[in-house]
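Q: Can you keep this structure in mind? I'll have questions shortly.
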Amino acid sequence: MPAACEPVLEDIEDIVSAEDLKPHDRQFVRRNVFPKVRKRNSQKNIPTDDEPPSDSIIPGVQKIWIRTWGCSHNNSDGEYMAGQLAAYGYKITDNSAEADLWLLNSCTVKNPAEDHFRNSIKKAQEGKKKVVLAGCVPQAQPRQEYLKGLSIIGVQQIDRVVEVVEETIKGHSVRLLGQKKDNGKRLGGARLDLPKIRKNPLIEIISINTGCLNACTYCKTKHARGDLASYPIEELVDRAKQSFQEGVCEIWLTSEDTGAYGRDIGTDLPTLLWKLVEVIPQGAMLRLGMTNPPYILEHLEEMAKILNHPRVYAFLHIPVQSASDSVLMDMKREYCVADFKQVVDFLKEKVPGITIATDIICGFPGETDEDFQETMKLVELYRFPSLFINQFYPRPGTPAAKMPQVPAAVKKQRTKDLSQLFHSYNPYDHKVGERQRVLVTEESFDSNYYVAHNPFYEQVLVPKDPLLMGKMVEVNIYEAGKHFMKGQPVSDARVHTASISRPLAKGEVSGLTEEFRRSPQNGTNWKAQPSAEIPVKTRLSSWMALQLPWQQERGGLKILSVSLALLAVLVMFYYGGMKTEL
């Protein structure tokens, strides 16, 4: 087999290490075994309850550092993987230096993101760290040279991250890249009720579908996430209910294209949204993710009604990418500029004050100066308060990478010109003096303020009063910047507690059943105790007695196969011993 073609293992049970002895060899080794006397008075070599022997590998006691790049869908995947690992006993650490294993969750949208990913792999290897790779880069191109010999967990296999980490720690290289299917039909991905560690305990990110219906010529994500596959409405509603029961006060819906939701399972986005708003408690909010113009056009009336709902942010992210129809055709975007304008104009009329965010690619292959000027005019017309400007990067394996490229200097200049236009206007100056209702959910990057959002998902900075966190309050706007406003809480205003229960602590695992929260031995509380504080003996006995709930479907077969293997080894040694005595 050529070196470039690495075998892709279908399951953990397929692993046989090259160092493993064959049955033929075991009998020979047995005849050459000589007992070694162990010194009983050496206290240094006797393991304590809390420390495994130095030469042993016990899964579930190691420290793991997780790094995620990219979109909110990828961040949700990272949260699920962290939750499962922590539930199993691994310690999730923020300190990469002290970690035994690095789990790197990648993004393939642009070259710089993959460069950071590649550099992190190199750094981990230089530091002698075990490495597991996840996300869209290895899923799309698992046979790249710099990924050779490393373990990979596919984007639809995140419910098996514990197994992959466990085998990697043992020294094996494992690759699980398959798709989730039910009777031959592709599913949205791993189960939504898996354990999770939310980066922000107040915000739940729910992936409503994976993949998309488009074939954009510049997009590498399609190679990783594939065609559209949606989760059933009832599963998404159940996940939302569970999140609110765990203290969440803001839900983000995410996918590669939320507007296409349900087309593969006979439903649509408005139907899902109406079901979700029924379970949102007072004081909590729902934020919609990115939608492409073609799939929102036919639902404009219903979408306007939903975006006017008091518990739904009047915010929508609609990427235009270019204001030139010829460029959009080369991109295979399946809409024209008039379609985009129709969506924006309709929503601005029917949803007063709505925030429309958009994306633009500068320097796509074949883009002329006239094409780019059309894009500048569009930004000048709508003055988008949130604009994501991207210089074009040709991604390997995409049709756009083979097209005649715009010179790098031209791409750079167009990106600069558009950025200057975007920073020439201040979208929030006219809001100074307003009284707004805001939901406080996080801390600012400089740690000087708390971050809140008003009904249009515009950022409002408020004083760092711990009593405000997770609450919906009224503020007076006294200052405005390019990307934010500043507000002072109104003293006589009513405060809404959005959460229907106490939020989880930062780093606490969500989604654990009562059965899993307590181990079978001595009522050990897994929820309250970090894995490092649980004695090794307790953890080992717990693992033998307790199987992860989301792995039960494979558990019986695995236990049976391991039992048969052990029985075969015992029989072999027994008869080998008899022959030796004879």
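The values are calculated or read from the model by the stated rules, or taken from the named source; none is laboratory data. Given the structure is predicted, the values throughout are model-derived calculations rather than measurements. Ideal geometry is used to build each Cβ from the backbone, glycine not excepted, and the neighbour counts take in all protein chains shown. SASA here: full protein model, heavy atoms, side chains in, ligands and nucleic acids out. Shrake-Rupley method; radii C 1.70, N 1.55, O 1.52, S 1.80 Å.
Q: Provide Rg over Rh for segment 430-497; use the alpha carbon set for both Rg and the Kirkwood Rh (inverse mean inverse pair distance).
A: The Rg/Rh ratio comes out at 0.92.
Q: What are the extents of the Cα atoms of segment 59-178 along their three principal axes, listed from largest to smallest and rounded to whole Å?
A: Computed over the Cα atoms, the extents are 35, 29, 26 Å.
Q: For Val460, which sequence-distant residues (separation of 5 or more, or a different chain) have an amide H within less than 5 Å of its own amide H, given hydrogens modelled in the peptide plane?
A: Long-range HN contacts for Val460: Ala452, His453, Asn454, Met485.
Q: Any idea of the accessible area per residue across segment 179-329, 1.4 Å probe, to the nearest Å²?
A: I get 33 Å² per residue for this part.
Q: Another question, if that's okay. Give the accessible surface of segment 59-178 per residue, rounded to a whole number of Å², with probe radius 1.4 Å and ligands, DNA and RNA excluded.
A: I get 33 Å² per residue for this part.
Q: Which whole-number percent gives the relative contact order of segment 430-497, counting Cα pairs below 8 Å spaced six or more residues apart?
A: Numbers: 147 pairs, mean separation 21.6, N = 68.
For segment 430-497, the relative contact order is 32 percent.
Q: Ok, one more. By per-residue mean of other Cβ atoms within 10 Å, what is the highest-first order of 147-153, 175-181, 492-498?
A: 147-153, 175-181, 492-498
Q: Roughly speaking, what is the centre-to-centre gap between segment 55-108 and segment 229-246 when only Cα atoms are used, to the nearest Å?
A: That distance is 24 Å.
Q: Please provide three numbers in whole Å: the alpha-carbon extents of segment 329-486 along the principal axes, with the largest listed first.
A: 57, 35, 28
Q: Let me ask something else about it. Using only Cα atoms, locate the centre of segment 310-377 and the centre of segment 384-449, then give the distance between them in Å, rounded to an integer.
A: Between the Cα centres of segment 310-377 and segment 384-449 lies a distance of 13 Å.
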